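Working notes, structure below.
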Amino acid sequence: METRNQVVEAGASETMGGARHRRSRPQPAPSASCGDTAVVLQSVCQLYLRGKVADVTYATGAFWRKAKRQFTLLRSDLSSGVDLRRLPYAAASLDGLICDPPFFRHSLTAYLHAPQMERSYGLSTAPKSHSGILELYFGAGKEALRVLRHGGYLVLKCQDEVAGGRQRFTHIELLLLIEKLGFRAVDLFVLVQKRVLPISRGNQQRFARKNHSYILVFRKPRRVRAESRVGAEISRFFDSA
Ligand SMILES: C[S@@+](CC[C@H](N)C(=O)[O-])C[C@H]1O[C@@H](n2cnc3c(N)ncnc32)[C@H](O)[C@@H]1O
């Protein structure tokens, strides 16, 4: 009886004062969005980014087009001479670090046919193998571990790929790899692109064409495991990749 009353009361107050109540509620941050990354970044900002945050692959800054920022943003990119594996920040000086490195292997034809993409996103800076991609993210994770304070957030954008005819579920590989470094995975956002790339003439499609990417959020815990143990596990990880 008590439960029923409570339910009725909630319903009644929604009908009577609903409009006023709805206006004051914050928008929910969904786990999946359609469109461009700036939409997902709105949610990431809402939930995780405060204080001093570095975007270490800033490129065009497209990430931040829609975000309501409640933090100081520090920008850098390889194109301005700053490698994400050697950042000019002091240890434990940041509250957040966001990284969107090239997540596909470098392919000459891909970027020669997309000069605009090359100008905006530096596709030619991409590693030439899938394990090279993982190593770049791993370098970002290691540097993030140094520059983030305890409780700070590392945000990584990535996309799965087919490399050498084999499915590489990069988002799962990265979850394992970055957790081995000592971070805790705390959230995952999916971005669905409306446009699906066409199949080149004469090629047969073997796997689902990927039209989604991921934003992974990790937290640096209070205690991080000893580096020697992590190092051994990581070497095994790359051997099996
Ligand atoms: C996919 S784009 C980033 C797009 C960006 N998030 C935006 O909103 O425009 C990848 C960027 O990573 C940069 N990059 C590649 N290797 C890097 C490295 N080792 N250190 C820092 N930046 C790197 C490239 O110069 C390129 O600008």
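Some observations on this one:
- Proximal lysines relative to LYS142, as straight alpha-carbon distance under 19 Å, when same-chain residues fewer than 8 apart are discounted: LYS52, LYS157, LYS180, LYS220
- In a DSSP loop and with at most 10 other Cβ atoms within 10 Å, the trypsin sites (Lys or Arg not before Pro) in region 52-84 are LYS68.
- Peptides ranked, highest mean first, by Cβ atoms within 10 Å: ranges 80-87, 211-218: 211-218, 80-87
- Extending 7 Å from the Cα toward the beta-carbon at both GLN27 and HIS212 defines two label points whose distance is 2.1 nm.
- Close amide H contacts of ALA92 (hydrogens built in the peptide plane, cut-off under 5 Å, sequence separation of 5 or more or a different chain): VAL147, LEU148.
- Karplus-derived 3J(HN,Hα) values for region 83-99, using 6.51 cos²θ - 1.76 cosθ + 1.60 with θ = phi - 60°, are 7, 5, 8, 9, 8, x, 10, 6, 4, 6, 9, 10, 9, x, 9, 10, 9 Hz; glycine and proline are entered as x.
- Burial ranking of peptide ranges 190-197, 166-173 (average Cβ count within 10 Å, highest at the top): 166-173, 190-197
- Using the Karplus relation 6.51 cos²θ - 1.76 cosθ + 1.60 with θ = phi - 60°, the per-residue 3J(HN,Hα) values for region 54-70 come to 10, 9, 9, 9, 5, 6, 8, x, 4, 3, 9, 4, 10, 6, 8, 8, 10 Hz, with x marking Gly and Pro.
Bear in mind these aren't lab numbers, they're just calculated from the coordinates by the rules spelled out. None of the values given here were measured: they were computed from a predicted structure. All Cβ positions, even for glycine, are placed from backbone atoms using ideal geometry, and neighbour counts span all protein chains on display.
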